[in-house]
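See structure below.
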Amino acid sequence: MMNEITQRPSEQVREKGLMAPEIQGEQQVQMNSANGVMCPKCGTVNEPEARYCASCGTLLQVGKCPNCGHQLDPDADFCESCHHYVRPDVCSFCGAPFNENDSFCPECGSPRGGIVCPTCHTLNDFAFCKQCGQPLTQDARQIMTQLRQQPNYRELVLVAREYNELQMQLPYSNEADMKHDQASMELRERVLKLLAQDEGVETPVITKPKLQRVSKKELDAKKEEKLREISRLLDQMAIPPTFSPAKVRNFAMAQKPAGVKLAWKCNYKNALHSSPCGCAKPQLGGKWVILGHQSNQEINDDK
């Protein structure tokens, strides 16, 4: 009798051949975990080879950056914490397989240690300079040539140039400034007409300057219209997921128009990067967005 009283409840249950429900549950979880991968977020036991939880989508397998020890997804090739390329077996410039003992890529000939941009002298791990956008390899220059044949890109470059011209234009500061400018325009037209008539042109057609000064409100409205056009074209040129991080980085960098403040919005985390060169998994796709346009978001994850 004494032995039965002093025994712990779990021991009594075992002696009687019974098992409490909570003990059964714990042992079942342990058995399931031994045969699969338990999700740290929701507790679902997934198949042993599963990379993402079937219930909540949480990443189940993570690696570490060899440079700083920061956790990385298994298919990430760039550490957003220390900003280092982490795949010694894949060429960062073209995506070709790379022997760890090779100093140069057997496919594109790029050096393992990176390329210094001849324009801004930045050291780069990728085919386009992350600082100034200069193409650094033959493949990068070929991509630029191919892209110039695409109608969307040609239109994007044109609209971006028009936006840059508006950025340099000074608006009227006051009404007196407007009247003075109008008087100057009238004087210009009279002089050009007289010069043309002296050359024998009876009814000369005087074209107006391409850029005409307007009020600040009108100028801001024109800028906003150009930004909407640029945003529309960038949406159309969004890059879908593909197998190669290098191809996405190269094509995206080739797309970027000059003179517009842009950020790369990746599909990996929906984060804003200064370029796809700062994204750990660009192969998931993404697009350029106008930084600050109808949004308060700023680049904050790859500084």
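The values are calculated or read from the model by the stated rules, or taken from the named source; none is laboratory data. Keep in mind it's a predicted model, so treat the numbers as computed, not measured. Positions of Cβ are generated from backbone atoms using ideal geometry, with glycine treated the same way; all protein chains shown enter the neighbour counts. For the accessible areas, the whole protein counts, side chains as well, though only heavy atoms, and no ligand, DNA or RNA atoms are used. Shrake-Rupley method; radii C 1.70, N 1.55, O 1.52, S 1.80 Å.
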For region 196-267 and region 96-127, distance of Cα centres in Å: 32 Å
Under 5 Å, built H, 5+ apart or other chain: amide partners of residue 38: 46
Inter-probe distance in nm under a simple model that places probes 7 Å from Cα toward Cβ, at residue 299 and residue 42: 3.6 nm
Separation in nanometres of the label points that stand 7 Å from Cα toward Cβ, at residue 197 and residue 183: 2.2 nm
Listed peptides 70-77, 136-143, 278-285 by packing density, highest first (mean Cβ within 10 Å): 278-285, 136-143, 70-77
Residue 104 versus residue 49: modelled label distance in nm, points set 7 Å from Cα along the beta carbon direction: 3.9 nm
Per-residue HN-Hα couplings for region 120-134 [Karplus 6.51, -1.76, 1.60; θ = phi - 60°; Hz; x = Gly/Pro]: 10, 6, 7, 7, 10, 9, 10, 6, 10, 5, 5, 8, 10, x, 5
Heavy atoms of residue 228 accessible to a 1.4 Å probe, total area in Å² rounded to 10: 120 Å²
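Could you sort out which of 247/287; 179/208; 130/223; 223/261; 247/281; 179/217 sit more than 19 Å apart by Cα distance in this structure? Before the final figure, lay out the partial values.
On the way: 247/287 14 Å; 179/208 17 Å; 130/223 27 Å; 223/261 13 Å; 247/281 12 Å; 179/217 17 Å.
Violating the 19 Å Cα-Cα cut-off are 130/223.
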